[in-house]
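Colleague: This is the structure, below, for whatever I ask next.
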Amino acid sequence: MRNYKRLFVILLSVLLTYPLCAQTNEMVIKTNKPGAEIQPTMYGLFFEDINYAADGGLYAELVKNRSFEFPDRLMGWKPFGKVIVRNDGPFERNPHYVRLEYAGHPHKHTGLDNEGYFGIGVKKGEEYRFSVWARTADAAKNAKIKIELVDVSSQGERQAFASQELIINSSEWKKYRVILKPDKTFAKSVLRIFLTSREGVDLEHVSLFPVDTWKGHENGLRKDLAQALYDMHPGVFRFPGGCIVEGTDLATRYNWKNSVGPVENRPLNENRWQYTFTHRFYPDYYQSYGLGFYEYFLLCEEIGAEPLPVVSCGLACQFQNDDPKAHVPVSELGSYIQDALDLIEFANGDVTTTWGKLRAEMGHPAPFNLKFIGIGNEQWGPEYPERLEPFVKAIRKAYPDIKIIGSSGPSSEGEQFEYLWPEMKRINVDLVDEHFYRPESWFLNQGSRYDNYDRKGPKVFAGEYACHGEGKKWNHFYTSLLEAAFMTGMERNADVVHMATYAPLFAHAEGWQWRPDMIWFDNLRSVKTVSYYVQQLYSRNKGTHVLPLTRDNRPVAGAEGQNGLFASAVWDKAHQQVIVKIVNTSDKTQSVKLNFSGLKKSEKLTGGKLITLKSDKLDAENTLENPFFIVPEEKEVFAEGNILESQIEPYSFYLYKFTLSR
């Protein structure tokens, strides 16, 4: 009898808990009701030269201060023997160079070591192109230099592991090249130049590039980093920033005109990120402009993204400049407005125009087909719209088809945000750039952010966003999961949100000022964070039209009673596919029933795929040592008729994809 009573208690317990465990979240996807068109630009990339993203990063140049134009002319260099810095060189905007002279004794030596960016990383068997503009000091005699890659930490018999001699045979400035092929892989080598003749030599624009750059360009990009951008399948690429557009002061703002033309004659610019954070201080952080607007446009073309350049509106960084005199008066904005107009001409102008001709001379006669331009970064207050308005009027008059992006300031809500949105509508910009670096709680509560936006006003460009973990400000899995959850709301409101870009994009493991970031790298390796894979899953599966997806006739946006679930669905017309994205932010497995309503009798869901992104540890991350610790996994799934029943694991991102066969 006791056993019967015990069995009864167990059965009762099971019955009482069963409804909670077996609760099914039925989501209805109306496959026959495609809604808003999803813009090709929906998911993209935002590039800013922060964290050594350009020089020392994406830009493949390995020599620091190659033209001796840093304020400390030999910063990055270690001279020995008789080295003299001179300033009457062949390039007007980079006049400095070095003269190497005989040290005065056959057993003494003259030369230079260059430390590169946190060292010079090279790989065994790969080719590296050394180039230099040079001339002999004596017109009647040739000079010789020896170029080496050396391991200054080596305790072995030799330091050099790649070496070439170069004869300088003219007293006129010429460009010389040799190929170095190291016999070992080394992350922190040094470039060494010896004068090996008694005749002196002048050296300018000393450069070292891997031969194997992205697409083989001589003034090229680091291949693995550019490949990661291509693999994202981005719809838009915003450049060059960010705060560097503004500059700490107007003198250090990013001036696109200085970033085009012959690379040897592009002047140095001080990067405002070298001194912004004293706890992450890099006094050698300058912009060579070797990665300039031509290279940005070319990269956009090669990765299939619409270019979105941003130019200064005449306001220096307002966080760092309270004095109105630090900014350009509205009455004196003429040259800044002309810069914007000239940029459009550089991108799109005929080769007979001034700036279109320069583009052609640089190697691209065909226009880049620019469609968008941003004016200002994250300015605020009445100072911004009163400067933005004359830009808009001038661009509309000269280029009525160009879409203009304004800003809602540095915050995702609050006084300035509420002030600027009506101003952007009044000025009639096409898109408004919203920025939000926010904690987990914010992302969990913003699933419906765009549901009630004005459908007739400017569209949204979510230009900078990332989830910043409280007490865990790095790229761990949980923050990436919440970004995925938030993005379901952007996707569901694709009639309002036309662009979205995570930020920042790149960070050097030894030279970062800001985190989290999407792609980390050192001199030889790179790693894609979980946030990268979230962005990639959305970008590669964005579809062409939104499909209505509801649970109990409501959007699935993490609201009360929705069990921590976020979801969206799209139709891909080109591939005849239905794609559903579901994010479970709860700590419980959720039973989900997908009801693909509206299918005709002749239609079937075939070729089902399930891609999952999950981790047992919420604070886990991908690292340079373990880059594939958390990556998407794919398997086949099958629907029964128009129904798919599934179990969504705790803290996970599920993406279902079916082809609609007829």
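Please treat every number below as a calculation from the coordinates, not as lab data. Everything numeric in this text was worked out from a predicted model, so none of it was measured. Positions of Cβ are generated from backbone atoms using ideal geometry, with glycine treated the same way; all protein chains shown enter the neighbour counts.
Colleague: What length, rounded to one decimal in nm, is gained on full extension from H575 through to I84, with 0.36 nm per residue of separation minus their alpha-carbon distance? Don't jump to the answer; show the numbers that get you there.
Modeller: Details: separation 491, 0.36 × 491 = 176.76 nm, distance 6.42 nm.
170.3 nm is the gain from fully extending H575 to I84.
Colleague: Would you calculate, for the chain, the mean residue ellipticity at 222 nm contributed by helices, counting each DSSP H stretch of 4 or more residues as -39,500 (n - 2.57) and dividing by all residues, to the nearest 500?
Modeller: Numbers: 11 runs with 128 residues, N = 662.
-6000 deg cm²/dmol, from helical runs alone.
Colleague: How would segment 245-390 be classified by its alpha-carbon gyration tensor: rounded, prolate or oblate, with rounded meaning a/c under 1.5 and the a/b versus b/c comparison settling the rest? Could the numbers behind the result be given before it?
Modeller: Numbers: a/c = 2.03, a/b = 1.35, b/c = 1.50.
Note, shape of segment 245-390 comes out oblate.
Colleague: Moving on to the next point. Taking a 32 Å limit on the Cα-Cα distance, which of the listed pairs K64/K528; K124/K617; K188/K215; K459/K581 fall beyond it? Please report the intermediate quantities before stating the final value.
Modeller: Numbers: K64/K528 26 Å; K124/K617 37 Å; K188/K215 25 Å; K459/K581 23 Å.
The pairs that break the limit, which is 32 Å between Cα atoms, are K124/K617.
Colleague: Report the residues of segment 107-134 in range of a label on K174: point 7 Å along Cα→C-beta, backbone N strictly under 14 Å from it.
Modeller: Counting only backbone N, you get 132-134.
Colleague: Can you pull the Kirkwood radius for segment 77-210, inverse mean 1/r over Cα pairs, to one decimal in Å? Write out the running numbers ahead of the final one.
Modeller: Details: mean 1/r = 0.0658 Å⁻¹.
In segment 77-210 this quantity evaluates to 15.2 Å.
Colleague: Sticking with this structure for a sec: Would you mind checking segment 42-83 for residues with the amide N under 12 Å from a putative spin-label position 7 Å along Cα→C-beta of F277?
Modeller: 50-52
Colleague: Determine, for E101, E126, E92, the number of other Cβ atoms within 10 Å of each Cβ, and report the residues in order from fewest to most. Let's see the in-between values first.
Modeller: Details: E101 16, E126 13, E92 8.
Taking fewest neighbouring Cβ atoms as first place, the list is E92, E126, E101.
Colleague: What distance in nm separates the simple spin-label points at M75 and T185, each placed 7 Å from Cα in the Cβ direction?
Modeller: Going by the 7 Å Cα→Cβ label model, 3.3 nm.
Colleague: To the nearest 10 degrees, how steeply does helix 477-492 sit against the main Cα axis of the chain, on a 0 to 90 scale?
Modeller: Between the helix axis and the principal axis of the chain, the angle is about 70 degrees.
Colleague: Determine ³J(HN,Hα), in whole Hz, for all residues of segment 403-416 in sequence, where each value follows from phi through the Karplus function 6.51 cos²θ - 1.76 cosθ + 1.60 and θ = phi - 60°; x replaces Gly and Pro.
Modeller: Rounded to whole hertz, the list is 8, 10, 10, x, 9, 9, x, x, 10, 8, 6, x, 4, 5.
Colleague: Which of rounded, prolate or oblate describes segment 585-662 when judged by the alpha-carbon gyration tensor and an a/c cut-off of 1.5?
Modeller: Oblate, because a/c is 1.5 or more while a/b does not exceed b/c.
Colleague: Contact order normalised by length for the chain, with contacts defined as Cα pairs under 8 Å and 6 or more residues apart; what percent is it?
Modeller: 16
Colleague: Quick one: work out the % antiparallel among DSSP beta bridges in segment 505-582, nearest 5. Don't skip to the end; give the middle numbers.
Modeller: Working: 14 of 17 bridges.
Expressed as a percentage, antiparallel bridges in segment 505-582 total about 80.
Colleague: Roughly how many nanometres apart are two label points built 7 Å out from the Cα toward the Cβ at K141 and K397?
Modeller: Inter-label distance under the simple model: 6.4 nm.
Colleague: Still on this structure, I have one more. Within segment 257-271, what residues put their amide N at less than 20 Å from the label point 7 Å along the Cα-to-Cβ vector of E218?
Modeller: Correct set: 259-267.
Colleague: Grab the Cα-Cα distance for K473 and Q155, subtract it from 0.36 nm times how many residues apart they are, and report the gain in nm with one decimal.
Modeller: Numbers: separation 318, 0.36 × 318 = 114.48 nm, distance 3.89 nm.
Gain on stretching K473 to Q155: 110.6 nm.
Colleague: Moving to a separate point now. Report, in whole Å, the centroid distance computed from the Cα atoms of segment 120-153 and segment 610-662.
Modeller: 50
Colleague: Also: Taking the Cβ of each residue in W571, W355 as the centre, tally the other Cβ atoms inside 10 Å and list the residues starting with the fewest.
Modeller: Working: W571 23, W355 18.
In order of increasing Cβ crowding within 10 Å: W355, W571.
Colleague: For segment 162-177, in order, what is each residue's ³J(HN,Hα) by Karplus, 6.51 cos²θ - 1.76 cosθ + 1.60 with θ = phi - 60°, in whole Hz (x at glycine and Pro)?
Modeller: Taking θ as phi minus 60°, the curve returns 7, 8, 8, 9, 9, 9, 9, 10, 8, 8, 9, 5, 9, 9, 10, 9 Hz for segment 162-177.
Colleague: Here is a further query. Antiparallel versus total DSSP beta bridges in the chain: what percent is that, nearest 5?
Modeller: Details: 99 of 140 bridges.
DSSP beta bridges in the chain are roughly 70 percent antiparallel.
Colleague: Further, regarding this structure: Taking every DSSP beta bridge with both residues inside segment 412-543, roughly what % is antiparallel (nearest 5)?
Modeller: On the way: 4 of 19 bridges.
DSSP beta bridges in segment 412-543 are roughly 20 percent antiparallel.
Colleague: Starting at the first residue of segment 445-451, write each ³J(HN,Hα) from the Karplus equation 6.51 cos²θ - 1.76 cosθ + 1.60 with θ = phi - 60°, in whole Hz, x for Gly and Pro.
Modeller: 9, 10, x, 9, 3, 9, 4
Colleague: Report the gain in length on full extension from E26 to E127: 0.36 nm times residue separation, minus Cα-Cα distance, nm rounded to one decimal. Write down the numbers at each step before the final one.
Modeller: Values: separation 101, 0.36 × 101 = 36.36 nm, distance 5.77 nm.
Gain on stretching E26 to E127: 30.6 nm.
Colleague: Using alpha carbons only, how many angstrom separate the centre of segment 258-310 from the centre of segment 435-500?
Modeller: 27
Colleague: For segment 77-210, with only Lys/Arg (+1) and Asp/Glu (-1) charged at the beta-carbon, what is the dipole magnitude about the Cα centre, in debye rounded to 20? Could the numbers behind the result be given before it?
Modeller: On the way: 22 positive and 17 negative charges, 26 e Å.
Magnitude of the dipole: close to 120 debye.
Colleague: Sort S207, S171, S153 so the one with the fewest other Cβ atoms within 10 Å of its own Cβ comes first.
Modeller: Working: S207 23, S171 16, S153 11.
Final ranking by Cβ density, sparse to dense: S153, S171, S207.
Colleague: Expressed as a rounded percentage, what relative contact order does segment 548-662 have, with Cα pairs under 8 Å and six or more residues apart?
Modeller: On the way: 220 pairs, mean separation 40.0, N = 115.
35 percent.
Colleague: Evaluate E = 1/(1 + (r/R0)^6) for K456 and R662, where r is the Cβ-Cβ distance and R0 equals 45 Å; express this FRET efficiency to the nearest 0.05.
Modeller: Numbers: r = 37 Å, r/R0 = 0.81.
Efficiency computed from Cβ-Cβ geometry: 0.80.
Colleague: Taking the simple approach of a point 7 Å from Cα along Cα-to-Cβ for both V631 and K600, what is their distance in nm?
Modeller: Roughly 4.1 nm, to one decimal.
Colleague: Using 1/(1 + (r/R0)^6) with R0 = 41 angstrom and r between the beta carbons of F638 and E560, what's the FRET efficiency to the nearest 0.05? Walk me through the intermediate numbers first.
Modeller: Details: r = 33 Å, r/R0 = 0.81.
So, using R0 = 41 Å, E works out to roughly 0.80.
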